[in-house]
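Every read-out reported here was derived from the displayed coordinates using simple, explicitly stated rules and does not represent laboratory data. Note that the coordinates shown come from a computational prediction; the quantities given were computed from them, not determined experimentally. Virtual Cβ from ideal backbone geometry, glycine too; neighbours counted across all protein chains shown.
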Amino acid sequence: MNPKSATNNIIPVIVVLSIILLLWYVAAVFMNMAWEKDQYERADNQQYTLVDLVSGTMKQERPVLPAPHQVAQEVYKTTVEKKITSKRSLIYHSGITLSSALLGFGLGTLLGILLAIAIVYNRALNKSFMPWVIASQTIPILAIAPMVIVVLNAIGIQGLLPKAFISMYLSFFPVVVGMVKGLNAPEVSHRDLMKTYNASAAQTFWKLRLPSSLPYLFTSMKIAVAIAMVGAIVAELPTGAVAGLGARLLAGSYYGQTIQIWSALVMASILAALLVMFIGLVGKLVNRRMGLSSHA
Amino acid sequence: MTTEESSQTGKVIEIDDLSLTFETSDGPVYALSDINLSIEQGDFVSLIGPSGCGKTTLLRVIADLEAATKGTISVNGVTPEQARMQRAYGYVFQAAALYPWRTIAKNVALPLEIMGIGSAERKRRVQQNLELVNLGGFEKKYPWQLSGGMQQRASIARALAVEPDLLLMDEPFGALDEIVRDHLNEQLLSLWAKTNKTVVFVTHSIPEAVYLSSRIVVMSPRPGKIHDVIESHLPKQRSLDIRETPEFLALANRVRDGLRAGHSYDEPEL
């Protein structure tokens, strides 16, 4: 990538980010204003100006909507200033959520690929599996996550695996859909060519279907990794987990620590964005390795 | 054995009363009807006709990419399916059909990998055939880095790498401009003259058909059938200049008349 296109990519991102921050500040002022006024009235103090009010909305301890800089400070305090081993370190909690999200993502991708191969090569499976695959995603994850975790707990599976299972449950779906499409992507002449060579099914798979499915796989994996993060966080909520970003969200809401909630949310989205970018980068490298860079 | 008989008589392809009907939701489509044709070793046969006349379908039947619904066909004395299993032919598609994730050399090597040919022999054949189509030095390029004409030449090299005695070509130069097409026609002709391969060549260009062929099969549509078979006695070694000679023009006129006659019953409906 040349430097010019890099700046071309960065400028729109910065513009959008600034607009979001601006709206966030405006919203914070309006949403925290009522509490601020209330404080002055309780103190029987009518001697306040608009500036007092606005500046007050920026530094409440438990604001309805924390201002961006408060969240940023909290994130900084709990990542850079805390030791990783500390129970208050956001990095510690992120690590726990990340490990189950990644395990679930890995398992989900594997399951998705295997299911897609089964579906593509077996017409009966195509008819019988696909409706179930789709039905599986219509069940609200919040409803089944606690049951899955309780059931797995009862048979002695604890810790990382139950949470990873929820991530897997969510992330296999886009991989199945993408891979079925990708494995069926080769055009007719490419398939006919294999037929004229009297190629076996295995040869057609390795030399034609699999390579042509890879761009689809990476697109699906980008979606899968993001929802694997969601899955891991959701899985932490119903179990009353003591660690992980989900646990931080839960604890924050118990004690009305909005800044803590928001910093966990921001951390989760930063992680998800980094993961998606990483998968995108790997996809790009694979494409380049396959000589497809001009198409990508 | 039929195989021996056919090698004695030099018949590569024998087609008897062959018909092919596609069943569609709009009713049957008669793609081919009562085709009789025999092609001998070393023939260069062009199938020419308007679109919808079944010329590509006929080629695909020979290649066992479609199955006839009636009649018999033998390729090298066996059924098309057996011939395909023996990898008896090389097929060149209308589009180059190169795999975009493989370099040119790897594309040409593809059939050889599938046939299980050792890497040294593979390398030799890739090199030899790429040089034959003037693509030496482009081994490491990807298809998208090459022009359309070069891509089509690579696909011809790929078909030749199998070292088949029979080449089936489906409008291989249809999408190329006139100058590139002339050049590739010349190369193909000199290749044919050198190797004594049998070529079945689908085209809708009259000059191309006349220039290349030892026999021209004129087909007509709805139902697809053979209208005329024209023998050409032009010398095997021909330059592009031959297209100005009276013999060439006479052949071209006969082909044109055949196409017109085959087409004529279509007109009143318009």
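Assorted remarks:
- Average beta carbon contacts from partner chains per residue of B:108-114, 10 Å cutoff: 4
- Working note: Karplus 6.51/-1.76/1.60 with θ = phi - 60° gives segment B:194-210 the couplings 6, 9, 6, 6, 9, 10, 10, 10, 8, 8, 10, 9, 5, x, 4, 4, 5 Hz, where Gly and Pro are set to x.
- Inter-part distance, segment B:68-109 to segment B:220-259, computed on C-alpha centroids, equals 27 Å.
- Simple label model, 7 Å out from Cα along Cβ direction - A:PHE278 to A:SER128, nm: 3.8 nm
- Among B:LEU47, A:PRO63, B:LEU58 the positive-end extreme of the charge dipole of the protein assembly as shown (Cβ point charges): A:PRO63
- Sites A:VAL26 and A:SER136, calculated FRET efficiency, Cβ-Cβ separation with R0 51 Å, nearest 0.05: 0.80
- Helical content of chain B, expressed as a calculated mean residue ellipticity at 222 nm, amounts to -12000 deg cm²/dmol (DSSP H runs of 4 or more residues, -39,500 (n - 2.57) each, divided by residue number, nearest 500).
- Pairs from A:LYS127/A:LYS222; B:LYS11/B:LYS225; A:LYS195/B:LYS140 whose Cα-Cα separation, in the structure shown, is over 24 Å: A:LYS127/A:LYS222; A:LYS195/B:LYS140
- Between the residues A:LEU53, A:LEU114, A:VAL80, the greatest Cα displacement towards the positive end of the dipole of the protein assembly as shown, with unit charges on the Cβ of Lys, Arg, Asp and Glu, is found for A:VAL80.
- Dipole moment magnitude, nearest 20 debye, segment A:79-182 about Cα centre, only Lys, Arg, Asp, Glu C-beta charged: 120 debye
- Here the dipole of the protein assembly as shown is about 2480 debye; that uses its Cα centre as origin and unit charges on the Cβ of Lys and Arg (positive) and Asp and Glu (negative).
- Reachable lysines, given that their alpha-carbon falls under 20 Å from the alpha-carbon of A:LYS77 and they are not under 8 places away in the same chain: A:LYS59, A:LYS87
- Normalising the average separation of contacting C-alpha pairs (under 8 angstrom, six or more residues apart) by the number of residues puts the relative contact order of chain A at 21 percent.
- Between the listed residues A:MET168, A:PRO186, B:ILE15, the Cα displaced farthest toward the positive end of the dipole of the protein assembly as shown, a dipole computed from Cβ unit charges relative to the Cα centre, is found at A:MET168.
- C-alpha long axis of helix B:119-132 to longest principal axis of chain B, angle in °: 60 degrees
- All Cα-Cα distances of the protein assembly as shown, cut into 20 Å bins from zero to the largest, leave 16, 35, 24, 17, 7, 1 percent in each bin in turn.
- Residues in segment A:223-262 that a label on A:VAL16 would reach, taking backbone N under 13 Å of a point 7 Å out along Cα→Cβ: none
- Shown for chain B is the translational diffusion coefficient from the Stokes-Einstein equation, using the Kirkwood radius over Cα pairs, a temperature of 20 °C and a viscosity of 1.002 mPa s: 111 µm²/s.
- Of B:ILE179, A:ILE279, the sequence from fewest to most neighbouring Cβ atoms within 10 angstrom is B:ILE179, A:ILE279.
- Axial C-alpha extent at least 15 Å, average Kyte-Doolittle at least 1.0 - helices from chain A (DSSP): A:90-121, A:141-154, A:160-183, A:210-236, A:258-289
- Magnitude of the charge dipole, segment A:1-152, Cβ model with Lys/Arg +1 and Asp/Glu -1, debye to 20: 740 debye
- R0 of 45 Å, Cβ-Cβ distance B:ALA250-B:LYS140: FRET efficiency to nearest 0.05: 0.40
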